[in-house]
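Notes follow once the structure below has been shown.
The values are calculated or read from the model by the stated rules, or taken from the named source; none is laboratory data. Note that this is a predicted model, so its numbers are computed, not measured. No Cβ is skipped: glycine too gets one built from the backbone with ideal geometry, and neighbour counts run over all protein chains shown.
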Amino acid sequence: MTTEEIVRYVMSFIGGGFAVAVGNWLHAGRASQKQQEIVQLRDQLKYLYGPLSYITRKNEQLFALSRAVQGVYGTEFIDKEWSADPDTQQRVQEEATATLDLANAYIQQVVENNKKVLEIMEANWHFADLDDIVVFTEFQVDCIRFATEVHGNLRGRTHQVVYRALGNISYMRPALINRIAEKVEIKQEKIGDLLRPWWRSLWPLKCCPTSRSSGRAEARRSP
C-alpha cells in the first residue's frame, strides 16, 4: 500500500485535523527525496536543457528564415523567365547571388550557435538523461562530419560514393530540437508536481469551495 493510500485509509476513520498530522508524519520520510529530485531537475534545466532549448529554438527560427529566402530564390530566379538582355541578366545574377548569400548567412549563424551547443553539452554531460544520449551524440557526430568533410581540408577531395555511404549530415536535426523542447516541458511539470502540497490530492476541489464560489451560492439563494 502506498503512502497516499495509507493516508486515505486513516482519514476514513479519524478527523481531518488529526489526519493531516498523520499525513505529514507519513510524508516526512519522503521530503528529503523530493527535495533531491527538485534540485536535480532544476540543475538539469539551469545548466543543460534550458540553455540548449534557448539556442535550439533560435536555430529553428533561423532554419525557417533560410527556407523562406530559398523559396523566394526559387520563385524569382528559377521559375521566372527573365529577359536575355545583358544588363537584365547581370542585375538578375547579382540579385540571385545576394539572395543566396542571405539564406547562407542565416545558416552560418546556426553554425555559430552549434558551437555553443557543443560547449554546453561537453560541460554539462552529466546532467543529460540516459535516453537523450543517442540524440546528443548524433548531433556531435554531425558537427564533426561538417568540420571534417565540408569545412576541412578534405572538402571536395572525397568521392561522392563515400558521402552516400556515410549518409546525410544535418546542421541540427529536428529530433534534437523536439527532444529538448519536450524534456524542458516534462521537467517543469515534474517540478510543479513535486512542489504541490501532498494534501491537495486528498480532497476533491468540489469539497473545498472557495469564498468566491460560496458567495455566488449565497447570491443565488437571495431573493
(request) Only one of these is closer than 25 Å to Leu65 by Cβ and in contact with a Ser or Thr (Cβ under 8 Å, 6 or more places away or on another chain): Val135, Val184, Val92. Name it. (result) Val184
(message) What's the number of the only condition in (1) farther than 23 Å from Pro51 by Cα; (2) of a type in the set (Asp, Glu); (3) within 19 Å of the chain's Cα centre (by Cα) that Glu149 fails to meet?
(response) (3)
(message) Going through Gly71, Gly50 one at a time, which residue ends up being farther than 28 Å from Met121 by Cβ and at pLDDT 90 or above?
(response) Gly71
(message) So in region 158-195, with the set limited to residues that are under 19 Å from Met121 (Cβ atoms) and among the small types (Gly, Ala, Ser), which one is farthest from the chain's Cα centre (by Cα)?
(response) Ser170
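From the list Ala64, Ala98, exactly one residue is at pLDDT 95 or above, over 30 Å from Val184 (Cα atoms) and exposed (fewer than 13 other Cβ atoms within 10 Å of the Cβ). Which is it?
Values: Ala64 fails: over 30 Å from Val184 (Cα atoms).
One residue alone meets the criteria, Ala98.
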(message) Of the conditions (1) surrounded by 12 or more Cβ atoms within 10 Å (Cβ to Cβ); (2) under 20 Å from Asn178 (Cα atoms), Leu130 satisfies every one except a single condition; which number is it?
(response) (1)
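Report, by residue number, each residue of region 77-109 that is farther than 25 Å from Val150 by Cα and of a type in the set (Ser, Thr, Tyr).
Our first condition is that a residue be farther than 25 Å from Val150 by Cα; within region 77-109, this holds for 77-95.
Of everything in region 77-109, those that are farther than 25 Å from Val150 by Cα and of a type in the set (Ser, Thr, Tyr) turn out to be Ser83, Thr88.
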(message) Among the residues of region 152-195, what is the count of those that are surrounded by fewer than 10 Cβ atoms within 10 Å (Cβ to Cβ) and either among the basic types (Lys, Arg) or at pLDDT 95 or above (or both)?
(response) 2
(request) Kindly provide the set of residues from region 74-94 that are surrounded by 10 or more Cβ atoms within 10 Å (Cβ to Cβ) and either part of a helix (DSSP H, G or I) or at pLDDT 90 or above (or both), ordered by number. (result) Gly74, Thr75, Glu76, Phe77, Thr88, Gln89, Gln90, Arg91, Val92, Gln93, Glu94
